[in-house]
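Please read the structure below before turning to the comments.
The values are calculated or read from the model by the stated rules, or taken from the named source; none is laboratory data. The structure displayed is predicted, hence computed values, not measured ones. Cβ coordinates were reconstructed from backbone atoms using ideal geometry, including for glycine residues, and neighbour counts include every protein chain displayed. These accessible areas exclude ligands, DNA and RNA; they are computed on the full protein's heavy atoms, side chains included. Shrake-Rupley method; radii C 1.70, N 1.55, O 1.52, S 1.80 Å.
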Amino acid sequence: MNTPDPTARRDELSANLTAVRERIAAATAAAGRTDEVGLVVVTKFQPFADMRLLAELGVTTMGENRLQEAQGKAAAWDEACAADPELRRPALHMIGHIQSKKTGAVARFADMVESVDSIKVADGLSRGRVRQIEEAGAAPLPCLVQLSLDGDTARGGVSLEEAEALAAHVAAADGLELAGVMVVPPLEGEPAAHFARAAAVWERIRAAHPGAATFSAGMSGDLEDAIAAGSTMVRVGTAILGPRPIP
Ligand SMILES: *Cc1c(COP(=O)(O)O)cnc(C)c1O
């Protein structure tokens with residue numbers, strides 16, 4: 001194995017981050033928007049050392065999609081921050097499918113859950129976070145309802161027919177805050193059309209719940225289309241970190 005050169009990696013991440021920030025700014029301007037589009041850097045499958053470099057480069061929010069890996073990285077942040085009080089710990093977003101029996105563990109470390117797609121998952125997160133609030137003084141957990149545009153809910157997401165009821169359920173759940181909507185577009189079809197459909201569902205949910213101000217949409221390959229459709233937060237992995245190592 002090659003020993004990674006941290007300086008070279010830092011320069012590479014820095015250049016990629018600048019390029020992605022420029023893409024976001026250009027897409028925001030092209031859409032005639034003056035609001036800020038947030039950036040979640042997706043660090044799944046990538047080493048903790050990269051997360052540290054990203055934090056030093058000013059990244060404040062990172063996304064993970066697998067429970068065990070996310071838990072391990074959250075614990076690594078606990079240790080790193082205990083050793084170095086200057087280190088700025090990023091917010092960790094859970095962006096992957098959650099098994100309902102694992103909700104308690106997610107409620108312990110996540111700063112946001114973007115992938116709430118059933119009443120069962122919402123109820124489990126609610127119970128887990130209420131415990132964290134009582135025992136550790138945690139804040140309520142911001143949650144996004146993940147939409148499934150093709151109704152293939154095995155890939156994650158709730159069907160559009162059920163999305164508004166799930167949003168209302170999350171908004172009413174103890175320990176949770178409904179923060180908005182997330183979407184991963186299906187592989188088939190035009191991303192722009194998918195994002196437009198998701199945006200329409202988000203607008204309806206936001207009309208009923210003004211706090212649901214986040215529309216998480218757009219990845220490395222399609223962030224321009226997502227921002228044109230109104231995305232307020234993009235989730236970018238490979239355009240910043242490069243290809244993911246095979247686990
Ligand atoms: C992996 C992943 C991303 C990032 O995808 P890239 O194409 O690497 O930018 C975004 N969102 C979700 C839900 C993911 O699982």
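Where residues in the range 215-247 are aliphatic (A, V, I, L, M), open to solvent by less than 40 Å² (accessible area, probe 1.4 Å) and not in a helix (DSSP H, G or I), which of them is farthest from LEU149 (Cα to Cα)?
We begin by selecting, within the range 215-247, every residue aliphatic (A, V, I, L, M); these are 217, 219, 223, 226-229, 233-234, 236, 239-241, 246.
Next, only the ones that are open to solvent by less than 40 Å² (accessible area, probe 1.4 Å) stay: 217, 223, 226-227, 229, 233-234, 236, 239-241.
In the following step, the residues that additionally are not in a helix (DSSP H, G or I) were identified as 217, 229, 233-234, 236.
On the way: ALA217: 13, ALA229: 15, MET233: 18, VAL234: 18, VAL236: 20 Å.
The residue in question is VAL236.
Considered as a group, the residues in the range 228-247 that are touching a helix residue (DSSP H, G or I) at 6+ places or on another chain (Cβ under 7 Å) and away from the ligand (no atom under 14 Å from the Cβ) include one that is farthest from VAL113 (Cα to Cα), and that residue is ALA228.
Filtering the range 172-184 to residues that are among the aliphatic types (A, V, I, L, M) and surrounded by 19 or more Cβ atoms within 10 Å (Cβ to Cβ) leaves ALA173, LEU176, LEU178, ALA179, VAL181, MET182, VAL183, VAL184. A search for C-beta distances below 7 Å between a residue of the range 102-116 that is within 18 Å of TRP77 (Cα to Cα) and any residue that is in a loop (DSSP other than H, G, I, E, B), counting only pairs 6+ apart in sequence or on different chains, returns VAL106/ILE98.
Residue check: is GLY221 at pLDDT 95 or above and not aliphatic (A, V, I, L, M)? When the stated conditions are applied, GLY221 passes them.
Scanning the range 185-214 for residues that are crowded, with 23+ Cβ neighbours inside 10 Å, within 16 Å of the ligand (Cβ to nearest atom) and part of a loop (DSSP other than H, G, I, E, B) yields one hit, PRO185.
Take GLY221 and decide whether it is within 15 Å of the ligand (Cβ to nearest atom) and either of a type in the set (A, V, I, L, M, F, W, C) or closer than 20 Å to VAL41 by Cα (or both). Break it down stepwise before answering.
Details: within 15 Å of the ligand (Cβ to nearest atom): yes; either of a type in the set (A, V, I, L, M, F, W, C) or closer than 20 Å to VAL41 by Cα (or both): yes.
Answer is yes for this residue.
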